[in-house]
Amino acid sequence: GRLEDFGMRYMAGELPVWWYKVWCTVTTVPLYKTAAQATVRPIGIKPCLARVIHKLVTRQSRQAFIEYFEPQQLAMSPSGPHQLVNGMKMLGEANPTFITLKSDIKNAFPSVSRSRILNVMADEQQLQHLVWHAAQILAPSSALEHGGHVWGEAGEGTTQGDPPAGALFSVAWHPQLRELDAKMVAVGGAARAGMDDLYVCGPPEVVFPAVEVFWAEV
C-alpha cells in the first residue's frame, strides 16, 4: 500500500522538488558503440523502481501515443518495425521512379530538447494528461553518476533505456514529420519513422528539397 501511495505521489508531482532531481540521477556506464569505431560513449541507466513506474505510465498511455503518432511515426505501433520496412519497400516497388532516403539522428535521445517535448505535448489534446508527469522527470537537470561520484549533469535529452524515452523523443519532431509526410503524400509518396530512423519515399525532385527543409526546421 505504501509503495502504491508513493508511486501515485511520484507520478502526480506531489513529492518535494529536490526528490525528482536526486531520484532521476543517471548511472553512467561506458560502452563501446562498435568494435570498428573503437569509441566509447556513456549509457545512462535510471533507478530500477523509477523505470518500473515509468513503464506503467507508458503502457497505460500507449493507445494515446499510437493515435497521435500514426501513420507517420510507428515507434509505438504493434509490429511497427515490420510496418515501417515492408510499407516503404512496397511503396518503392510500386513506383519504380521513386527513391527512398533513409537518415537518423546521431545520439538522438540525449540531444533532444526537453522544453520542445513539453511544448508539443501541451498543444496536443491527446497528450495533455501526460504533460505534468513528463515535466517532473524532464525539468530537473539529471546528475550523471559513476562509481558513487557525480561527474556531470545533463540538462537536455531523455535517458535511453527509460520506458518513455522513445515516445517522448518522437513527440518532439512529430509536427515536422507530419508536414514532411503531407508533402510526400501529395505526390504519391510517404514519410515514416521508427523513433529517430526516418524513411522518405517519393520522386527525387520532391524528396531532396523537402528533406532539406525538414532537417533545417528540426
Residues of the stretch 109-137 classified as within 24 Å of residue 215 (Cβ to Cβ), open to solvent by less than 20 Å² (accessible area, probe 1.4 Å) and touching a His at 6+ places or on another chain (Cβ under 9 Å), total: 1
Residues of the stretch 1-21 that turn out to be part of a helix (DSSP H, G or I) and surrounded by fewer than 12 Cβ atoms within 10 Å (Cβ to Cβ), as a count: 8
Residues that are surrounded by 15 or more Cβ atoms within 10 Å (Cβ to Cβ) and farther than 26 Å from residue 159 by Cβ, drawn from the stretch 86-107: 87, 88, 91, 92, 95, 98, 99, 100, 101
Condition met for residue 81 (surrounded by fewer than 15 Cβ atoms within 10 Å (Cβ to Cβ), touching a Gly at 6+ places or on another chain (Cβ under 9 Å) and within 24 Å of residue 157 (Cβ to Cβ)): yes
Residue that is among the aliphatic types (A, V, I, L, M) and either at pLDDT below 90 or at positive phi (or both), where the choices are 94, 154, 165: 154
So residue 175, is it in a helix (DSSP H, G or I) and either more than 19 Å from residue 56 (Cα to Cα) or among the β-branched types (Val, Ile, Thr) (or both): yes
Residues of the stretch 178-204 satisfying the condition of being of a type in the set (A, V, I, L, M) and either assigned to a helix (DSSP H, G or I) or free of Cβ contacts under 8 Å to residues at least 40 places away in the same chain (or both): 180, 182, 184, 185, 186, 187
Which listed residue is crowded, with 23+ Cβ neighbours inside 10 Å, closer than 30 Å to residue 91 by Cβ and in contact (Cβ under 8 Å) with a residue 40 or more places away in the chain, from 171, 207: 171
Inter-residue pairs, beta-carbon under 6 Å, first open to solvent by 20 Å² or more (accessible area, probe 1.4 Å) and in the stretch 138-152, second hydroxyl-bearing (Ser, Thr, Tyr), 6+ apart: 140/20; 144/28; 145/25; 145/27; 146/28
Condition met for residue 136 (in a helix (DSSP H, G or I) and modelled with pLDDT under 90): yes
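The values are calculated or read from the model by the stated rules, or taken from the named source; none is laboratory data. Small disclaimer: the values here were computed from a predicted structure and weren't measured. Positions of Cβ are backbone-derived with ideal geometry, glycine not excepted, and every protein chain shown enters the neighbour counts. When the accessible area is computed, the model is the full protein with side chains, heavy atoms only, and any ligands, DNA or RNA have been set aside. Shrake-Rupley method; radii C 1.70, N 1.55, O 1.52, S 1.80 Å.
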